[in-house]
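What follows is a single structure, written as structure tokens, with notes after it.
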Amino acid sequence: MTLRSRAASLLREPLVHFMIAGVLVFALLAGRAPDAGERRIVVNAEVVSRLLNRFTESFHRQPTPQEMDGLISDYVHEQVYYREALRLGLDKDDEIVVRRMRNKMIAIATNDAEAATPTDADLQKLLDKDPGRYAREPKVTFAQLYLGADSPATRAAARDALAVLRQGGDAARFAQAVPLNPRYEAADADSIGATFGDAFALALRKLPRGEWTGPVTSGLGLHLVRVDAVIAARPPTVAEARQQLANDWHEANVRKAEEEAYRKIVDGYDVVIEQPK
């Protein structure tokens, strides 16, 4: 059964007729002449289609006839309460309503900007404007000797091990068994941080090259470290930073669309800010 035929079938259901009639009777008894614009609730094929689609998206199946009747009943209840609330002015000075309306206006104003797709030229222009923002982290080649958890004894062992290493000796006897590599080649900050912690990764950049030093603290404990090389950061290509560039481009595009829409609207208002007396 197609959606159109389904909607038409539902509109022929007795329950639907009953609910529509009930709404009209309620309107007639409400002490005020029904207004065709405010007090007429129409459950047409468009409404039924929207309810049907919403249910299907939520539950990944079609509603049963009974469930569809329930959806329509809920819709009528919602509309009745909503319109009565408006008639009573309950939306006035309601911060949640105001915020919701504001967000809907912003969504309308930025809909095209949200859907826009940047070209490579757009992304390259953004990259050229602030290459430092998109620069890749430097990569570090280093050797490390793990000495154990941080303690006075471990720090004493670190001093002894460091003296041995600086004299070209073998400090293996100071090393503690731990599943770490003795050497890391061209490791980036993310991978170093994932193993040793971000503070350790940051500390490596400040250490002298080609000599054992330390102890350096990681999330595991104390290490002696020798930084052999640091490959400086380089500006990325558009392909390498595409996702970050696209995110920034969309954010800026949406913000610009929102600001432009606001300026056009606010120009039609006379805004008066009264100072406290």
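The values are calculated or read from the model by the stated rules, or taken from the named source; none is laboratory data. In this text, all values refer to a predicted model and were calculated from it rather than measured experimentally. Neighbour counts run over all protein chains shown; Cβ positions are idealised from the backbone, glycine included. Heads up: the accessible areas ignore ligands, DNA and RNA and are worked out on the full protein's heavy atoms, side chains in. Shrake-Rupley method; radii C 1.70, N 1.55, O 1.52, S 1.80 Å.
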Among beta bridges assigned by DSSP with both residues in the stretch 143-269, the antiparallel ones amount in percent, to the nearest 5, to 90 percent
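Mind checking the dipole of the chain: about its Cα centre, +1 per Lys or Arg Cβ, -1 per Asp or Glu Cβ, Debye to the nearest 20? Present the calculation step by step, with values, prior to reporting the outcome.
Numbers: 37 positive and 39 negative charges, 83 e Å.
With only Lys, Arg, Asp and Glu charged at Cβ, the dipole is about 400 debye.
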HN-Hα couplings for the stretch 142-150 via Karplus (6.51, -1.76, 1.60; θ = phi - 60°), in whole Hz with x for Gly/Pro, come out as 8, 10, 9, 10, 8, 10, x, 4, 5
Accessible-area order for Lys256, Lys139, Lys264, largest to smallest, probe 1.4 angstrom, reads Lys264, Lys256, Lys139
Whole-Hz Karplus couplings 3J(HN,Hα) for the stretch 206-223, θ = phi - 60° and coefficients 6.51, -1.76, 1.60, Gly and Pro as x, run 9, 7, x, 8, x, 9, 5, 8, x, x, 10, 8, 10, x, 9, x, 10, 9
Non-local residues with an amide H under 5 Å from the amide H of Ile231, with H modelled 1.01 Å from N and Pro and chain starts lacking one, are Lys139, Val140, Thr141
Given backbone amide H placed at 1.01 Å from N, residues whose amide H is under 5 Å from that of Arg136, ignoring those fewer than 5 places away on the same chain, are Arg234
Listed by chain and number, the residues whose amide H is under 5 Å from that of Ala241, excluding neighbours fewer than 5 places away on the same chain and using placed H, are none
Descending accessible area (1.4 Å probe), largest on the left, turns Glu137, Glu185, Glu258 into Glu185, Glu137, Glu258
Magnitude of the Cβ-charge dipole (Lys and Arg +1, Asp and Glu -1) of the stretch 198-263 about the Cα centre, nearest 20 debye, reported as 260 debye
Rounded to the nearest 10, the angle in degrees between the Cα long axis of helix 65-87 and the longest principal axis of the Cα atoms of the chain comes to 80 degrees
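Using only DSSP helix segments of four residues or longer, with each worth -39500 (n - 2.57), what per-residue ellipticity at 222 nm results for the chain after dividing by its residue count and rounding to 500?
Only helices count here, giving -18000 deg cm²/dmol.
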With Cα coordinates, the longest principal axis of the chain makes an angle with the long axis of helix 45-59, in degrees rounded to 10, of 30 degrees
About its Cα centre, the stretch 130-277 carries a charge dipole, from +1 on Lys and Arg Cβ atoms and -1 on Asp and Glu Cβ atoms, whose size in debye to the nearest 20 is 680 debye
Expressed in angstrom and rounded, the centroid-to-centroid distance over alpha carbons for the stretch 198-218 and the stretch 136-153 is 6 Å
Net charge (Lys, Arg +1; Asp, Glu -1) of residues whose beta-carbon lies under 15 Å from that of Ala194, Ala194 excluded, is -3
Checked against a 30 Å limit on the C-alpha separation, the offending pairs among Lys139/Lys256; Lys104/Lys277; Lys129/Lys206 are Lys139/Lys256; Lys104/Lys277
Diffing the stretch 241-252: the Karplus 3J(HN,Hα) column from phi (6.51, -1.76, 1.60, θ = phi - 60°), in whole Hz with x for Gly and Pro, holds 10, 4, 5, 5, 4, 4, 4, 5, 5, 5, 4, 5
